[in-house]
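Undergrad: Can you keep this structure in mind? I'll have questions shortly.
The values are calculated or read from the model by the stated rules, or taken from the named source; none is laboratory data. Treat the numbers as computed from the prediction; the structure is a model and nothing was measured. Note that we place each Cβ from the backbone using ideal geometry, even for glycine, and neighbour counts take in every protein chain shown.
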Amino acid sequence: MALSGLDIFKLLPKTNCGDCGVPTCMAFAMKLAQKKAELSECPHASEEAKSTLGAASEPPIRLVKIGKDHPLEVGSETVMFRHEKTFFHQTGIAIQLRTSEGESTLEQKIREIEEYRVERVGEMLKTDLFLITHDSPDKDIFLKTIHLVKENSTKGIILDCAEYETLKAGTSLLKDSHVAVLLKKTISDDWIDLAKIYNCSLILNSESYEDLAAQVEKTKQAGIQDILLNLTSKNTGMQIQQNTILRRSALKKAYKPFGFPLFHQINTETEFDMFATAAALLCKYESIIALPEYNRALLYALLTLRQNIYTDPQKPIQVDPKVYPIGEPTPESPVFVTTNFSLTYFIVSGEIENSGISAHLVVCDTEGQSVLTAWAAGKFVGENIAKFIKTINLEQQVKTRKIVIPGFVSQISGDLEENLPGWEVIVGCQEASDIPSFVKNVELT
Amino acid sequence: MKFDVPKELNAGHVLEVTIGATSEQGGSRSHTVTIGGSTALPFHFFEGEFPHRPLIAMEVFDKKSEKYPSSLMDYYRDVIEKPGEMAKKCVDEYGAELISVRLEGTHPEKGNKSADEAVEIVKQVLESVRVPLIITGHSYYEKNNEVMKKVCEATAGENCLISYVEKDNYKTIAAACIAYNHTLVTQTPIDVNLAKQLNILLTEMSFPPEKIVMDPLTGALGYGIEYTYSIMERIRIDALAGDKMMAFPMLINPGYESFRVKETRAPEQDYPDWGNVDLRGAYWEIATAMSLLVAGADLLIMYHPQAVAAVKKKVEKMFDGRGGD
């Protein structure tokens, strides 16, 4: 639970030494309460202060990292619904590698997955983790697969191996890589030792809340904090309920045993079934989803959904301000102008495309605001648009001197013509869905 | 270790809405379907009642759009211009639980078919299938009013789901629904307040609440789905908190919206990283459908047979497995 400034003040040395950079202990306590400072900035803090404040400032769901150089970070969520604030750490996508697939297949698969990336709205979409499942009778191939991943990829690794000595040998190859170990049975001292020696996260597995909580307590008492929860269930509906209950317990009931990110492995279904499950669980609280196969069409849809759901609702995604070709425009093709709010861009470009014509779409920098908001804020007005058109040298790229503005900002047409000598401004339709009929009825070039 | 499942009980519930009418009820359907009625957030079986599972409708057309995606043609080539036969195929082969007849061809710029032609097509579909119907119009108000009025009259007593009315265009069609016993969809542009306002306007003209379905406007995956998703969650949370003007079942259009976007249409040779276009279309529609299902969708109009099969099977399994914990 959060402590007040006064509660924190009582734990500080009260010497007002200023070593923390703040003149008084009271002022420092207030900053701590607002999470604008960290206790480590006070060199004189007592052990009691550290442990009390540490526990109080612990996030309700722990942040867990998997991987070495650019680790995947999951957890640390604070809300049940994205509209309440935002979801902070997007679901990590793991692709399973089964050692029974054989070395050459695996090598090619690892390379392909490592190379896979798709650009969407300025973000590179890609997978995050490999789940290495040892299901071959040949012990060596487990170690070989680990080597292959290490050599060919920087993604984080989850190890899944029932045979303890083999797992240990594999983990020892990945000492500093922050791997996660996927357990398939109840936690025992062996796995706790392994996690301690090799600094791994543990993915605890159970079918019941009570047992899972007991396993978490045992693991925490042994000094291991990097835990993920894998509460398995019979179907997607049960999984949604369980995930809701786990997250709700952690956030609203401050139930510590469930204050960890959630893991789910999808196994036995057809590709469409598997995808339907993945899509639902991505929305409902899964921190890591492991898929059994690599499939580009599936990944593109899943990663797009992840990008959408994990967008900060207060900060719309922006597209780069520039001229976008729609269809195959020539210098004679018409010119449209709009803002760089991603949704505006997508809808306008989609509707121009739907209309069947080719055009140049000028997307101005409005800091991600939509047409009316940007206009109200003075960011989508004649002067700014004209300035942008000059910066990008549009007059050298196109021969036409007509430009279509969104119907909702018809009032800027005079202003824009004044700032853009030689151009005729055409007021377009208000709704993007009317673009196909608008282009049929208005002379645009 | 002891653990108590934290339950949240709600004051409100979603209204139940029935679509279709059998011969005893003045229609010609073999059965009716009912959506809504839940007393908790989607799939929260542990803390509420869910008398009806979400249903999947498929869509047929009065006119094949120039934009109809080629990947879907492989499934519908022989029937796309025969709405009656296409409806039968959707029901018999693909498991559609309702049929939507989209009358886009009556739009003055998309074929300008007459109201009488629209009535003919709806009647064809009524004759060829026995499931309840959704009649989907467009936003060219003047023409849409004329068409919907005639269709409502010609199908009097069938209790079709008439989709949709908007804030500036609800009176004529709502009156026709009351007069000829149909159910109505209120559509608003991804906005909680506008949604509520339109429902209030309707109930103020004595429109029966148990005959309203809301359409929060579907944004496809990659095209604003996060807005639709959060608006639906907020509407449903308000409904469960007891706001009666939000407590209607929700209709979404994953098919129509998904198959308008480039990502379901562009061939793999142009975008090798995007993968196979047919699969991609199905995935795109499944992602749109599944995410909006967990946000509160009660009725989905879908296009791709594989997507319909996957989502329907998933929803059925989720409902079969309820109870227990």
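Undergrad: Only one of (1) out of contact with any Asp or Glu (no Cβ under 9 Å at 6 or more places or on another chain); (2) in contact (Cβ under 8 Å) with a residue 60 or more places away in the chain fails for residue B:312. Which number is that?
TA: Only one criterion is unmet by residue B:312, namely (1).
Undergrad: What's the total number of residues in the stretch A:79-107 that are surrounded by 21 or more Cβ atoms within 10 Å (Cβ to Cβ), within 14 Å of chain B (Cβ to nearest Cβ) and aliphatic (A, V, I, L, M)?
TA: Within the stretch A:79-107, residues that are surrounded by 21 or more Cβ atoms within 10 Å (Cβ to Cβ), within 14 Å of chain B (Cβ to nearest Cβ) and aliphatic (A, V, I, L, M) number 1.
Undergrad: Just to verify a result, which residue in the stretch A:179-199, among those that are farther than 21 Å from residue A:141 by Cα and in a loop (DSSP other than H, G, I, E, B), is nearest to the chain's Cα centre (by Cα)?
TA: A:199
Undergrad: How many residues are farther than 14 Å from residue A:318 by Cβ and of a type in the set (A, V, I, L, M, F, W, C) when one looks only at the stretch A:340-361?
TA: Selection size over the stretch A:340-361: 6.
Undergrad: Here is a further query. Of all the residues that make up the stretch B:116-134, how many are part of a helix (DSSP H, G or I) and crowded, with 20+ Cβ neighbours inside 10 Å?
TA: Going through the stretch B:116-134 one residue at a time, the tally reaches 5.
Undergrad: Can you name every residue in the stretch A:206-231 that is touching a helix residue (DSSP H, G or I) at 6+ places or on another chain (Cβ under 8 Å) and under 17 Å from residue A:285 (Cα atoms)?
TA: A:209, A:227, A:229, A:231
Undergrad: Any residue in the stretch A:84-104 that is of a type in the set (D, E, K, R) sitting within a Cβ distance under 7 Å of a residue that is not in a helix (DSSP H, G or I)? List the pairs, counting only those 6 or more apart or interchain.
TA: The qualifying pairs are A:85/A:78; A:85/A:79; A:98/A:133; A:98/A:135.
Undergrad: Scanning the stretch A:273-302 for residues that are in a loop (DSSP other than H, G, I, E, B) and at the interface with another protein chain (Cβ under 8 Å from one of its Cβ atoms), which turns out surrounded by the fewest Cβ atoms within 10 Å (Cβ to Cβ)?
TA: For the stretch A:273-302, the residue satisfying everything is A:295.
Undergrad: Pull up the stretch A:237-249, narrow it to residues that are facing chain B (nearest Cβ under 7 Å) and in contact with a helix residue (DSSP H, G or I) (Cβ under 6 Å, 6 or more places away or on another chain), then point me to the one that is surrounded by the most Cβ atoms within 10 Å (Cβ to Cβ).
TA: Among those residues, the one meeting the criterion is A:237.
Undergrad: Would you say residue A:305 is surrounded by fewer than 23 Cβ atoms within 10 Å (Cβ to Cβ) and at pLDDT 95 or above?
TA: no
Undergrad: Kindly indicate which of B:98, B:72 is under 25 Å from residue B:294 (Cα atoms) and crowded, with 19+ Cβ neighbours inside 10 Å.
TA: Sole residue among the options that is under 25 Å from residue B:294 (Cα atoms) and crowded, with 19+ Cβ neighbours inside 10 Å: B:98.
Undergrad: Let me ask something else. Residue A:254 - would you say it is of a type in the set (A, V, I, L, M, F, W, C), in a loop (DSSP other than H, G, I, E, B), out of contact with any Lys or Arg (no Cβ under 8 Å at 6 or more places or on another chain) and more than 8 Å from chain B (Cβ to nearest Cβ)?
TA: So residue A:254 fits the description; yes.
Undergrad: Name the residues in the stretch A:66-114 that are in a loop (DSSP other than H, G, I, E, B) and over 23 Å from residue A:311 (Cα atoms), would you?
TA: A:67, A:68, A:69, A:102
Undergrad: OK, next. Of all residues being away from every other protein chain (no Cβ under 12 Å) and outside any loop (DSSP other than H, G, I, E, B) in the stretch B:34-55, which is surrounded by the most Cβ atoms within 10 Å (Cβ to Cβ)? Just the residue, please.
TA: B:35
Undergrad: I'd like the residue in the stretch A:377-400 that is of a type in the set (S, T, N, Q) and touching a residue at least 24 places away in the same chain (Cβ under 8 Å) and, out of all such residues, is nearest to residue A:324 (Cα to Cα).
TA: The extreme case among them is A:397.
Undergrad: Take the residues of the stretch B:256-295 that are more than 7 Å from chain A (Cβ to nearest Cβ), of a type in the set (Phe, Trp, Tyr) and out of contact with any Leu (no Cβ under 7 Å at 6 or more places or on another chain): which is surrounded by the fewest Cβ atoms within 10 Å (Cβ to Cβ)?
TA: B:271
Undergrad: Can you name every residue in the stretch B:296-325 that is facing chain A (nearest Cβ under 10 Å) and assigned to a loop (DSSP other than H, G, I, E, B)?
TA: Once the filter is applied, which keeps residues that are facing chain A (nearest Cβ under 10 Å) and assigned to a loop (DSSP other than H, G, I, E, B), the stretch B:296-325 yields B:304, B:321, B:322, B:323, B:324, B:325.
Undergrad: Another question, if that's okay. Name every residue in the stretch A:227-236 that is surrounded by 24 or more Cβ atoms within 10 Å (Cβ to Cβ) and facing chain B (nearest Cβ under 7 Å), in order of residue number.
TA: Residue satisfying the conditions is A:236 alone.
Undergrad: Might you check whether a residue that is in contact with a strand residue (DSSP E or B) (Cβ under 8 Å, 6 or more places away or on another chain) and among the acidic types (Asp, Glu) occurs anywhere in the stretch A:123-141?
TA: The answer is yes, given that some residue of the stretch A:123-141 is in contact with a strand residue (DSSP E or B) (Cβ under 8 Å, 6 or more places away or on another chain) and among the acidic types (Asp, Glu).
Undergrad: Still on this structure, I have one more. Out of curiosity, is residue A:445 among the hydroxyl-bearing types (Ser, Thr, Tyr), surrounded by fewer than 20 Cβ atoms within 10 Å (Cβ to Cβ) and not in a helix (DSSP H, G or I)?
TA: The answer is yes for residue A:445.
Undergrad: Kindly list the number of the only condition in (1) modelled with pLDDT under 95; (2) more than 9 Å from every other protein chain (Cβ to nearest Cβ); (3) more than 22 Å from residue A:229 (Cα to Cα) that fails for residue A:266.
TA: (3)
Undergrad: Determine whether residue A:426 is β-branched (Val, Ile, Thr), within 18 Å of residue A:365 (Cα to Cα) and crowded, with 16+ Cβ neighbours inside 10 Å.
TA: Here the answer is no, as residue A:426 does not meet what is asked.
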